[in-house]
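For reference, the structure discussed in these notes is given below.
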Amino acid sequence: MRRLHYTTAMQDLSHAPHTHGPHIEGHFESTETVRDIVIGLSDGLTVPFALAAGLSGAVASSHIVVLAGLAEIAAGSIAMGLGGYLAAKGDAEHYASEKTREEREIIERTRDEEEEIYEIFEQYSVDRASAMPVLNALKQNPAAWVDFMMRFELGLEEPAHNRAHRSALTIAASYIAGGLIPLLPYMLVADNFTALKLSVLITLLALALFGALKGKLVGTGWLRSAIQTVMIGGAAAAAAYGLARLLNSQSN
């Protein structure tokens, strides 16, 4: 008979006094919408910020920086939104194709599919005798059987309805919202160098807040995530600014 092996932490919990209070799960489920917002905001804050900084190293007019930045935001939001749409559309088509294949296999290759059920349960140390009642119940409900195989054999979840359109709009809107932040000083301040300093300040602050929030949500640590986000955005802007200054000095 197989004996269960407990880790030290599990042994400590097993000997701890048990309480009967309500069990509240504290897990964060990163939904597709949250993921789309993160993608759109991260690129929206970084790319226009780097572009504005780079142009500030080459031109003296904040008006040109604003025009170029707005053009980039428009093009970037469309491209990012289209990319999100195609990705979500591809996921939906892949799920539909795999589901059709599973529906066919439980009829044409029933024995193979039954063995796959047992193999899935074996991964969780559940023997065949214990898994058999579950298999018999699934065989009485072919739709549930297919759904079970999609989830536990293939690791696929059915995409939400109109997921592709919502993903495209969410990513595009988040990109625009993030991209306007580094351009705001150039819209309000006439002096290009002053606008650049203000843009660096507010964008790095926005990157820090965004990184901290993202780290808090996904559980990776708010400080670490904030520092990483600021370093990536700052490095991109510094590289663009330095390269623009270098090329501009050589052309003169």
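The values are calculated or read from the model by the stated rules, or taken from the named source; none is laboratory data. Owing to the predicted nature of the structure, the values given are computational and were not obtained by experimental measurement. Because the Cβ atoms are built from the backbone with ideal geometry, glycine has one as well, and the counts that use them run over all protein chains shown. Areas reflect the complete protein model, heavy atoms only, side chains present, ligands, DNA and RNA absent. Shrake-Rupley method; radii C 1.70, N 1.55, O 1.52, S 1.80 Å.
Observations on the structure shown:
- The listed residue being free of Cβ contacts under 8 Å to residues at least 12 places away in the same chain, closer than 27 Å to residue 88 by Cβ and of a type in the set (A, V, I, L, M, F, W, C), out of 213, 223: 213
- Filtering the range 207-217 to residues that are under 16 Å from residue 177 (Cα atoms) and open to solvent by less than 20 Å² (accessible area, probe 1.4 Å) leaves 207, 211.
- Subset tally (residues that are in contact with a helix residue (DSSP H, G or I) (Cβ under 9 Å, 6 or more places away or on another chain) and open to solvent by less than 80 Å² (accessible area, probe 1.4 Å)) for the range 144-165: 14
- Within the range 185-202, the set of residues being crowded, with 16+ Cβ neighbours inside 10 Å and not small (Gly, Ala, Ser) comprises 185, 186, 189, 192, 196, 198, 200.
- Within the span defined as the range 188-197, every residue fails to be in contact (Cβ under 8 Å) with a residue 60 or more places away in the chain, closer than 30 Å to residue 72 by Cα and of a type in the set (Lys, Arg).
- Qualifying residues in the range 46-67 (those that are touching a residue at least 60 places away in the same chain (Cβ under 8 Å) and among the β-branched types (Val, Ile, Thr)) - the one most open to solvent (accessible area, probe 1.4 Å): 47
- Helices (runs of 4 or more DSSP H) fully within the range 109-202 counting 1 or more residues that are more than 34 Å from the chain's Cα centre (by Cα) and either of a type in the set (S, T, N, Q) or closer than 27 Å to residue 32 by Cα (or both): 110-122, 128-139
- Matching entry among 213, 246, 217, 207 (being more than 18 Å from the chain's Cα centre (by Cα) and in a helix (DSSP H, G or I)): 246
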